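Notes for the one structure printed next.
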Amino acid sequence: MKDNVLAAIDVGSSKICTLVAEATPDDDLRVLGIGITPADGVKKGMVDNIQGATAAINESIERAERSSGTKIVSAYVSISGNHATSLNNRGTSTIPGKQRPITEEDVERALEGARDLSLPTNREVLHSIARFFVVDGQEQVTDPVGMYGGRLDMDTHIVTGSVTAIQNLTQCVEGAGVQVEMLVFSPLAAAEAVLEDEEKEQGVILADIGGGTTEIAVFVEGSVFHTTIIPVGGYHLTHDLVAGLRGPFSHVEELKLEYGSCMPSRIDAEEIVEMEAFGGQRTKEVSRRRIAEILQARIEEILEMIYIDVKRAGFDDMVAAGLVFTGGTAELPGLIELSEMVLRMPVRTGMPIGVQGLSDSLNSPAYATSVGLLHWAAAEEGAVNGNGNGNGHGKLNLKMPGVNLGGFAGAAGKWIRTLIPK
Ligand SMILES: Nc1ncnc2c1ncn2[C@@H]1O[C@H](COP(=O)(O)OP(=O)(O)OP(=O)(O)O)[C@@H](O)[C@H]1O
Ligand SMILES: [Mg+2]
């Protein structure tokens, strides 16, 4: 793998998607290779069968290697599943003596305080992302280094996950012969690929409805406020059709992709489609509106779950920019219209942006997470090589010894380089 080549593996419940890209001199990403395989051994975003998942990941990696002509040594990998939880925490650093400019060391001390959560031994920190700083009561400071002050508070968004889930995923990727450069929480990766700065500033919800999960990230005043995973997705939509229409899953899945909608009122009541059915009768006729009614019920339930989750996080009035959908299920006809009606906020589909080359094949909300991983990788690597583009995510990935690579100090250094424009 050449220095400027980056690799990303999105381990989803429906598909594994590996991308290889190179960072161009003008800080763009050019995709060199894509490897997509149906997922195996992954349920609701989590590995539940090491052998199956390793084989599927391996196949996806090999395809991306063949299509790019590059050997993948290490990669940024998505992590999902409802074992992951998030919270916002504050750390404080008092500047000793008389007032003097705040240093990187002061920031590191505040950060240490913020991540001092006394977690049980079966949980660990996946991300600790700087949201903003407070210097002597002055709120929303984005970069305190060099400012005068006696007290520095650092507000961070912390994502923790189950050690077992982290180890299982790492094991599968490494079993497929690729080192895990960093695990990135899926909704954060998807957000990276589709959200505009203005949306993050004004308040926005990202909801990635994939196969087995709905992944949520909420941003306000430019930084991440809340993230979560709900273990319900497109699989459940198909499953409802199986139960309601009584046909085999794989056939019903095709029926959903071809004729599905969640706006029954937009479907002609007379329209009939033929489907494979269980039982003696091999085929039967079903009304397309009936399909839409079943899908609508589940989509409304998912929308309600999103609403309740975001409200519980304390956020319902502040999302001026509304909701952005990614994930394969974002392609379900009627989703935008129904969501705008139910949630009474602006809603749009998030297409991955910021990549060139082969980008037509990635032009679907289902690839938001994989493209977002590449952006994440570019920002991290740019920061490491000292040529970061200065748009730092303000993120700090604290990798705990033993599971991830690198220690606290290294990670903090990396983050500070990302945050502070050269
Ligand atoms: N046009 C479409 N209409 C409805 N559903 C669709 C459409 N295209 C894809 N899907 C659904 O999207 C889901 C797959 O989405 P995606 O590829 O984002 O999942 P994933 O990332 O593998 O899973 P997860 O993120 O939940 O672990 C499947 O359930 C599939 O049925
Ligand atoms: Mg996904």
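The values are calculated or read from the model by the stated rules, or taken from the named source; none is laboratory data. Keep in mind it's a predicted model, so treat the numbers as computed, not measured. Cβ placement follows ideal geometry from the backbone for every residue including glycine, while neighbour counts extend to all protein chains displayed.
What the table shows:
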| read-out | value |
| --- | --- |
| Subset of segment 302-343 [away from ligand 2 (no atom under 16 Å from the Cβ), free of Cβ contacts under 8 Å to residues at least 60 places away in the same chain and part of a helix (DSSP H, G or I)] | LEU303, GLU304, TYR307, ILE308, LYS311, ARG312, ILE336, SER339, GLU340, MET341, VAL342, LEU343 |
| GLU192 vs. criteria assigned to a helix (DSSP H, G or I), free of Cβ contacts under 8 Å to residues at least 12 places away in the same chain and more than 12 Å from ligand 1 (Cβ to nearest atom) | no |
| Of all residues making up segment 219-228, the number that are closer than 13 Å to PHE185 by Cα and surrounded by fewer than 24 Cβ atoms within 10 Å (Cβ to Cβ) | 2 |
| Failed condition for LYS200, given (1) more than 16 Å from ligand 2 (Cβ to nearest atom); (2) part of a strand (DSSP E or B); (3) surrounded by 19 or more Cβ atoms within 10 Å (Cβ to Cβ) | (2) |
| Residue match in segment 206-218 (condition: away from ligand 2 (no atom under 16 Å from the Cβ) and surrounded by fewer than 22 Cβ atoms within 10 Å (Cβ to Cβ)) | no |
| Filter result for VAL252 (under 27 Å from VAL42 (Cβ atoms), without any contact (Cβ under 8 Å) to a residue 12 or more places away in the chain and more than 16 Å from ligand 2 (Cβ to nearest atom)) | no |
| Those residues of segment 1-30 which are polar (S, T, N, Q), within 16 Å of ligand 2 (Cβ to nearest atom) and not in a strand (DSSP E or B), in sequence order | SER13, SER14 |
| Residue satisfying condition, being at pLDDT 95 or above and closer than 15 Å to LEU374 by Cβ, within set ALA176, ALA193, ALA165 | ALA193 |
| Test for GLU258: is it more than 30 Å from VAL141 (Cβ to Cβ) and near ligand 1 (Cβ under 10 Å from one of its atoms) | yes |
| Filter pass, VAL42 being buried (at least 19 other Cβ atoms within 10 Å of the Cβ), of a type in the set (A, V, I, L, M, F, W, C), free of Cβ contacts under 8 Å to residues at least 60 places away in the same chain and in contact with a helix residue (DSSP H, G or I) (Cβ under 6 Å, 6 or more places away or on another chain) | no |
| Positions within segment 219-249 being more than 16 Å from ligand 2 (Cβ to nearest atom) and either touching a His at 6+ places or on another chain (Cβ under 6 Å) or among the hydrophobic types (A, V, I, L, M, F, W, C) (or both), in sequence order | PHE219, VAL220, VAL224, PHE225, LEU241, VAL242, ALA243, LEU245, PHE249 |
| Positions within segment 218-240 being part of a loop (DSSP other than H, G, I, E, B) and within 10 Å of ligand 1 (Cβ to nearest atom), in sequence order | PRO231, VAL232, GLY233 |
| Among (1) away from ligand 2 (no atom under 14 Å from the Cβ); (2) part of a strand (DSSP E or B); (3) over 14 Å from ALA75 (Cβ atoms) - the single one GLY35 does not satisfy | (3) |
| Segment 132-154, residues that are among the charged types (D, E, K, R) and modelled with pLDDT under 95 | ASP136, GLU139, ASP143, ARG151 |
| Every residue from segment 68-90 that is away from ligand 1 (no atom under 16 Å from the Cβ), touching a residue at least 40 places away in the same chain (Cβ under 8 Å) and either surrounded by fewer than 21 Cβ atoms within 10 Å (Cβ to Cβ) or not small (Gly, Ala, Ser) (or both) | THR70, LYS71, ILE72, VAL73, SER74, THR85, LEU87, ASN88, ASN89, ARG90 |
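Condition check ((1) crowded, with 16+ Cβ neighbours inside 10 Å; (2) over 21 Å from the mean Cα position of the chain (by Cα); (3) modelled with pLDDT of 95 or more) across all residues:
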position: LEU295; (1), (2), (3): yes, yes, yes
position: GLU304; (1), (2), (3): no, no, yes
position: GLU331; (1), (2), (3): yes, no, yes
position: GLY334; (1), (2), (3): yes, yes, yes
position: LEU338; (1), (2), (3): yes, yes, yes
position: GLN356; (1), (2), (3): no, no, no
position: SER361; (1), (2), (3): no, no, no
